[in-house]
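Novice: The structure that follows is given in the form of structure tokens.
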Amino acid sequence: MRIMANRLFYKIILVIAGITLSCSAKAQKKTFTIVDSPYHTTLQLNGYLDGSNTKTQVYGNVDVAFEPMKSIQIHNAGKKRIFNPVLSISENDLLLNSECVRKRLNLEQETSSKAKALKVYEFVKNNRIHYHPAEGEAEVNNHLKQLWIYGYGYCDDAATSIIDAAIYSAGHGIIWGLNGHVMSDLHFDASSKGIFIDPDIEVFYLDMQNQNLEDKQTVTDDRFLIKRTSHFGKDRYTDKDQSFITSHYDMYDRPSTLGPVAPEYYSYQWRLRPNESIIYSWDSAKYVHHIIFEAPTSHMRQTVISNNYLTYSQNFQSVSLDDIFDDMLNLKVKESPHHPNLHAKNSGSASFVIENDLPFPVLNIDMHFKLQRATEADDCLIYYSTNGTQWEQIYEANQTGVFSASVNLYDEVAPLEKPALYKYFLKFEFHPKDDVWSCGIDSLNIKTTFQASRFFLPQLRLGENPISYTDDNGDDTCRNVEITIEWQESWENKPPNKVTAPIFPAHQSNVDSLYFGFTWEPATDDNGDKIINYEFMLSDDIRMQYPLSPNFNLYVSAFGGEINPYFKVKETGWLNDGQTYYWRVRAKDARGAWGEWSDTWSFTPHGVMRPINGQSEIEGQSIRLSWDRNPTGKQPDYYKIYASDEMNGFSPEQATFFTVSGTNHFVIPFEKDKAPKSFYRISACDTSGQESLISDVIAIPYPYMYAAYDSIRQDSVFRMNLFSNERFFLYYQYADFEELYHPVITVKKKPDWLNYESPGVLYSTDTDLARKLASMDSEQRTVVLELNDGKGGSALQEIILRPFVSVHSDL
């Protein structure tokens with residue numbers, strides 16, 4: 001991380017009561033008077049950099065070159081408690097209240113399930129990284145804690161966060177656990193199918209029409225949908241990753257479901273006592289709650305995890321004790337200057353309890369206090385509890401006079417050893433021996449460190465930032481809240497300039513192709529910094545809220561090699577003829593700053609489209625494959641046929657290429673000793689080398705005898721090998737392992753003159769058999785076979801034997 005020089009520091013202080021706001025920026029000041037909540041104003045961030053244009057999010061990590069935010073403090077300077085104070089900076093950028101999910105997503109404005117699902121997907125994907133979750137937190141019903149508190153988690157945490165976010169936004173979903181990996185199936189419309197999303201490896205699956213998102217069952221049935229989505233975060237795009245992704249789906253036929261689920265409601269409401277503050281800090285995190293064998297790295301403590309504070313400071317003067325304590329007994333504020341500020345009211349013991357209930361895990365508790373104790377017989381005791389009923393003594397005074405003392409409870413909290421702590425209690429007891437004022441307390445300061453994710457702290461963006469404040473105190477005219485925002489501005493590194501123009505395709509152009517590389521004018525940098533990356537995004541949504549496919553939102557560096565203003569996916573078939581698409585790019589310099597996105601450019605491509613309505617039919621001793629030309633797109637010049645025995649979809653590649661056809665059908669003759677492939681897919685091609693997306697799978701009958709069995713010839717012995725077509729299920733994670741579906745053939749019926757020889761041969765040594773067959777009825781010439789692969793594939797097949805001449809004439 002580069003250390004920036006030449007920074008200016010600013011502070012804005014809002015005083016909400018009777019109320020003034022003073023703002024100092026470059027020695028300028030402004031005052032705002034606020035008589036009630038809600039309160040609205042703006043804050044200007046100057047310089048060149050903000051948290052958005054200096055953040056690069058990669059799989060399992062995030063790099064931040066510059067962070068303008070330093071701290072935000074919400075301080076109750078009044079004399080009454082403040083309930084649920086909420087600060088919002090920028091549009092939909094809320095400081096964690098109970099409505100933040102719904103307001104951030106704002107799904108009410110979306111009319112399609114696709115748009116809703118992808119907004120939820122982007123919401124989760126952009127606010128977390130993949131890393132070991134904190135043990136114990138993964139079991140909570142509301143997995144949005146993984147977003148608010150940690151900013152990281154495993155696949156199940158991401159999947160359930162997706163579901164929780166959908167539920168908060170009037171959707172629902174199912175969690176799928178498959179072969180050690182967990183994904184989400186989202187539903188926003190009871191009448192429509194679900195949408196299958198994997199936020200952990202950052203993918204969703206576009207259907208074969210390149211229009212909508214597929215559900216779990218469809219992706220199960222055709223794993224080509226997964227294989228063509230070569231994506232593992234914006235920075236990874238390799239064949240190895242592609243195979244690894246596909247391996248997560250090896251057990252689609254044996255899923256376990258954890259939904260639909262309803263999350264436990266998790267409140268983010270605060271309450272602030274008089275002279276209590278919430279402080280959000282962007283300093284490097286010192287503490288972390290995380291119980292697992294590998295704790296977060298120092299880099300994560302700088303970029304993902306934040307240490308924040310709830311501070312309590314009291315001298316017990318000019319304040320109602322009911323507003324600063326949660327329970328108390330026999331207490332009195334001093335009346336004499338020589339007495340403690342707070343002591344027993346009447347003879348006997350006195351005490352007070354402070355309950356701290358936080359929406360975030362406690363990491364450390366640090367107390368500083370000033371006590372008075374007249375004699376050794378007077379007792380001052382402090383107790384700690386996590387439930388308010390079982391107490392542990394943590395301090396006993398051993399000095400007399402007026403003295404200060406401290407207690408640290410890090411070992412009690414033990415954030416690396418114990419489950420997350422959200423609530424704790426402190427009880428202070430005073431036992432005066434003689435006079436009620438002979439022991440007591442003058443001041444108390446409690447600093448509670450808690451953890452939150454940096455992704456969910458408010459961010460200032462370059463330019464004018466709208467700021468609003470609300471609380472639940474209604475029309476309380478005694479409100480007195482101070483909001484202090486500290487940030488820094490950097491003028492050192494000017495980001496790359498906005499990319500000015502596309503080269504190909506030109507804006508609003510028609511392109512005579514559906515598969516091509518995108519090029520644009522190289523970015524320039526006024527500082528002379530080298531351009532080290534570009535981010536590319538293509539969408540069918542003019543608002544550019546989400547990409548067409550994860551394949552079209554990548555860093556150019558993901559492809560390896562030199563960084564050039566060029567982008568081309570490896571797979572054909574993503575674009576549709578006659579449909580308008582939108583794209584944009586932005587550049588990154590060597591010091592980690594991203595430039596602005598370019599303008600959004602559009603184009604309309606044209607080309608051959610995938611064949612439809614594929615069919616197979618047995619015609620005598622051959623298979624006839626047929627398909628229809630797609631009614632949209634250019635006229636194909638020829639078709640490519642691909643074949644495989646792989647179940648659940650297969651990919652068009654050199655290993656599966658079968659043949660070409662100049663028409664929209666092809667006849668495959670039976671071979672004597674070799675069964676045909678069980679599955680076929682067709683692509684349309686033109687003479688310029690363009691190839692369409694492949695068709696749906698065309699399956700031929702299975703299991704089925706595809707032998708050229710009617711070869712009984714005069715003056716020859718007869719011999720027929722029994723074999724069937726096969727299937728296999730490939731486990732991509734283990735290249736040497738596949739589950740083979742190999743049918744076993746049993747002869748259920750045969751004529752007496754025909755012999756059977758294991759392992760699967762029918763034969764006759766009678767060289768006059770062809771002549772004899774002519775006089776036999778069909779029963780004497782019929783063979784019945786049973787084919788069974790033991791895995792659900794079975795069939796009975798009847799074969800009527802004929803002499804060669806008869807068969808030839810039939811053809």
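Derivation of every value follows stated rules applied to the coordinates shown; laboratory data play no part. Keep in mind the model is a prediction, meaning the values are calculated, not measured. When we count neighbours, we look across all protein chains shown, and the Cβ atoms used for this are built from the backbone with ideal geometry, even at glycine.
Novice: Once you put a point 7 Å from the Cα of Ser406 and another 7 Å from the Cα of Ser284, both along the Cβ direction, what distance in nm separates them?
Specialist: About 2.1 nm separates the two model spin labels.
Novice: Now a separate question. Listed highest first by mean packing, meaning other Cβ atoms within 10 Å per residue, what order do 471-479, 115-123, 579-587, 598-606 come in?
Specialist: Most protected by this proxy first, the peptides run 115-123, 579-587, 598-606, 471-479.
Novice: A further question on this structure: Nearest 0.05, what FRET efficiency do Asp366 and Trp491 give at R0 = 35 Å with Cβ-Cβ as r?
Specialist: Computed FRET efficiency for Asp366 and Trp491 comes out at 0.40.
Novice: Would you grab the residues whose amide H sits under 5 Å from the one on Phe403? Only those 5+ places off in sequence or on another chain, please, with H modelled 1.01 Å from N.
Specialist: Leu371
Novice: Related question: Which aspartates and glutamates, if any, have their Cα less than 13 Å from the Cα of Lys70, not counting same-chain residues under 8 positions apart?
Specialist: Asp50, Asp283, Glu486, Glu489
Novice: Turning to a different aspect of this structure: Show that you can apply the helix-only estimate: for the chain, add -39,500 (n - 2.57) for every DSSP H stretch of four or more residues, divide by all residues, and state [θ] at 222 nm to the nearest 500.
Specialist: The per-residue figure over the chain is -2500 deg cm²/dmol.
Novice: List, in the order given, every pair from Lys55/Lys447; Lys114/Lys234; Lys119/Lys193 whose Cα-Cα distance in the structure shown is over 24 Å.
Specialist: Correct reply: Lys55/Lys447.
Novice: How high is the FRET efficiency between Gln317 and Phe293 when r is their beta carbon distance and R₀ equals 56 Å, given to the nearest 0.05? Please report the intermediate quantities before stating the final value.
Specialist: Values: r = 50 Å, r/R0 = 0.89.
Computed FRET efficiency for Gln317 and Phe293 comes out at 0.65.
Novice: Could you go through region 433-442 in sequence order and give the Karplus-derived ³J(HN,Hα) for each residue, using 6.51 cos²θ - 1.76 cosθ + 1.60 with θ = phi - 60°, rounded to whole Hz, and x for Gly and Pro?
Specialist: For region 433-442, the Karplus-derived couplings read 7, 10, 6, 4, 8, 6, 8, x, 10, 9 Hz, x marking Gly and Pro.
Novice: Tell me, what HN-Hα J-couplings in whole Hz come from the Karplus equation 6.51 cos²θ - 1.76 cosθ + 1.60 at θ = phi - 60° for each residue of region 498-510, using x for Gly and Pro?
Specialist: 4, 4, 8, 7, x, 9, 8, x, 5, 4, 6, 9, 9
Novice: OK, next. I need the calculated FRET efficiency for the pair Gln44 and Asp326, taking r as the beta carbon distance and R₀ as 51 Å, to the nearest 0.05. Write down the numbers at each step before the final one.
Specialist: On the way: r = 41 Å, r/R0 = 0.80.
So, using R0 = 51 Å, E works out to roughly 0.80.
Novice: When DSSP beta bridges are limited to those with both residues in region 502-605, what percentage is antiparallel, rounded to the nearest 5?
Specialist: Roughly 85 percent of the DSSP beta bridges within region 502-605 come out antiparallel.
Novice: Lys234's amide H: which non-local residues (gap 5+, or another chain) put their own amide H closer than 5 Å, with H modeled 1.01 Å from N in plane and none for Pro or chain starts?
Specialist: Tyr59
Novice: If the viscosity is 1.002 mPa s and the temperature 20 °C, what translational diffusion coefficient in µm²/s does Stokes-Einstein give for the chain when Rh comes from Kirkwood over Cα pairs?
Specialist: Details: Rh = 31.8 Å.
The estimated diffusion coefficient comes to 67 µm²/s.
Novice: For Ser112 paired with Lys193, estimate the spin-label separation in nm (one decimal), with each label point 7 Å from Cα along the Cα-to-Cβ line.
Specialist: About 1.6 nm, to one decimal.
Novice: Ranked highest first by average number of other Cβ atoms within 10 Å, how do 749-761, 270-282 line up?
Specialist: The densest-packed peptide leads the list: 270-282, 749-761.
Novice: Follow-up. Going 7 Å from the Cα of Asp435 toward and past its Cβ, which residues in region 331-356 have a backbone nitrogen under 11 Å from where you end up?
Specialist: 336-340
Novice: Nearest 5 percent is fine: what portion of the DSSP beta bridges confined to the chain is antiparallel?
Specialist: Of the beta bridges lying entirely in the chain, close to 95 percent run antiparallel.
Novice: Using Cα atoms only, what is the angle between the long axis of helix 113-125 and the major principal axis of the chain, expressed in degrees (0 to 90) to the nearest 10?
Specialist: The two axes meet at around 60 degrees.
Novice: Excluding same-chain residues fewer than 8 positions from Lys748, which lysines have a Cα within less than 27 Å of its Cα?
Specialist: Once the sequence-local lysines are set aside, what remains near Lys748 is Lys672, Lys674, Lys677, Lys772, Lys791.
Novice: Hey, another quick one. For a quick check: with amide H placed at 1.01 Å from N, whose amide H comes under 5 Å from Ile291's, ignoring anything fewer than 5 positions away on the same chain?
Specialist: Glu135
Novice: Using a basic spin-label model with each label point 7 Å from the Cα along Cα→Cβ, how many nm lie between Ile618 and Arg81?
Specialist: If labels sit at Ile618 and Arg81, their model points lie 7.9 nm apart.
Novice: Give me the number: length gained by fully extending Glu135 to Lys791, i.e. 0.36 nm times residue separation minus the C-alpha to C-alpha distance, one decimal in nm.
Specialist: Between Glu135 and Lys791, full extension yields an extra 232.2 nm.
Novice: Right, something else. Hey, what do the phi angles of region 549-565 turn into as Karplus ³J(HN,Hα) couplings, whole Hz, using 6.51/-1.76/1.60 and θ = phi - 60°, x for Gly and Pro?
Specialist: 8, x, 4, 10, 9, 9, 7, 4, 5, 5, 8, x, x, 5, 8, 10, x
Novice: Right, here's the next one. In vacuum, with every alpha carbon of region 612-699 counted as one equal point scatterer, what does the Debye formula give for log10 I(q)/I(0) at q = 0.11, 0.12 Å⁻¹? Two decimals, please.
Specialist: -0.29, -0.34
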